[in-house]
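Asks: Here it is, the structure, as structure tokens.
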Amino acid sequence: MKLTFSPSSPFARKVRIAAIELGLIDKIEFVPTTATPGTYNEDYSQKINPLRKLPALILDDGSTIVDSYVIVEYLDELAGGGKLIPASGAKKWQVKTDHCITQGMLDAMLLCRYEKMLRPEQFRWQTWIDDQWDRAWHGFQRFEAHPDVLTRPLDIVQIGIICALGYADFRFADCGWRKAFPKLAAFNEKMMQRDSVKISVPPI
Ligand SMILES: N[C@@H](CCC(=O)N[C@@H](CS)C(=O)NCC(=O)O)C(=O)O
């Protein structure tokens, strides 16, 4: 299998952490890829993902799986199922919901990043940036208020939270999340003891 990958992508990091934790990392070849709004990569659109986003998992038969959640679900199934995502029942729906929130937090932070990095200054709309940031921040608040999520055995929600915290450090270093969310700070410290988390920290 091949994974379109960038070390700065929090979504690709999620898949990398999951693959390590599931014991599948050696089965995946990482293909360095860049994806940026405004840069049209026709080949990628045609062959891999018309949305031009990474990560994408390209299977040995040439078929492609997109979206970090779907890729992790696929890997989880390959590893026997029910490892990072509960197989069924109420727990499954709660994990999917919580993961979806981490996904939205990352989407919101990424939009803030693109706004600052790509949009010409005269076209920026601070209200919109603040609104996106507020969504991510409320996501952190939600998990700070539900520490049970942080203390159970490793799952995709925890991986999603770690990727969101890591992305906050990487792109919004002054946002002050550690001070605002002490339980998340302790969780982050604990998770950093895992090789999968430690080695995948985005490069400075
Ligand atoms: N829902 C997607 C989001 C992936 C995503 O937004 N990836 C970013 C890189 S971190 C990307 O490819 N951005 C390029 C673009 O939006 O044009 C997933 O979970 O895989």
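Asks: Please indicate, with yes or no, whether at least one residue in the range 75-85 is within 13 Å of the ligand (Cβ to nearest atom) and not in a loop (DSSP other than H, G, I, E, B).
Replies: no
Asks: Next up: Given the structure, is residue 42 at pLDDT 95 or above and either under 16 Å from the mean Cα position of the chain (by Cα) or small (Gly, Ala, Ser) (or both)?
Replies: no
Asks: I've got another one for you. Looking only at residues that are surrounded by fewer than 16 Cβ atoms within 10 Å (Cβ to Cβ) and out of contact with any Phe, Trp or Tyr (no Cβ under 9 Å at 6 or more places or on another chain) in the range 132-147, which one is farthest from residue 162 (Cα to Cα)?
Replies: Among those residues, the one meeting the criterion is 134.
Asks: Only one of 59, 78, 84, 51 is loosely packed, with under 14 Cβ neighbours inside 10 Å and touching a residue at least 24 places away in the same chain (Cβ under 8 Å). Can you tell me which?
Replies: Values: 78 fails: loosely packed, with under 14 Cβ neighbours inside 10 Å; 84 fails: loosely packed, with under 14 Cβ neighbours inside 10 Å; 51 fails: touching a residue at least 24 places away in the same chain (Cβ under 8 Å).
Exactly one residue qualifies, and that residue is 59.
Asks: Return the only residue of 26, 67 being outside the structural domain of residue 147 (by TED's automatic domain parsing), away from the ligand (no atom under 15 Å from the Cβ) and either among the acidic types (Asp, Glu) or surrounded by 13 or more Cβ atoms within 10 Å (Cβ to Cβ) (or both).
Replies: Of the residues listed, the single one that is outside the structural domain of residue 147 (by TED's automatic domain parsing), away from the ligand (no atom under 15 Å from the Cβ) and either among the acidic types (Asp, Glu) or surrounded by 13 or more Cβ atoms within 10 Å (Cβ to Cβ) (or both) is 26.
Asks: Also, I was wondering about something else. Output the residues belonging to the range 1-32 that are in a loop (DSSP other than H, G, I, E, B) and more than 16 Å from the chain's Cα centre (by Cα).
Replies: 1, 22, 23, 24, 28
The values are calculated or read from the model by the stated rules, or taken from the named source; none is laboratory data. Computed from a predicted model, the values in this text were never measured in an experiment. Heads up, the Cβs are rebuilt from the backbone with ideal geometry, glycines too, and the neighbour counts pull from every protein chain shown.
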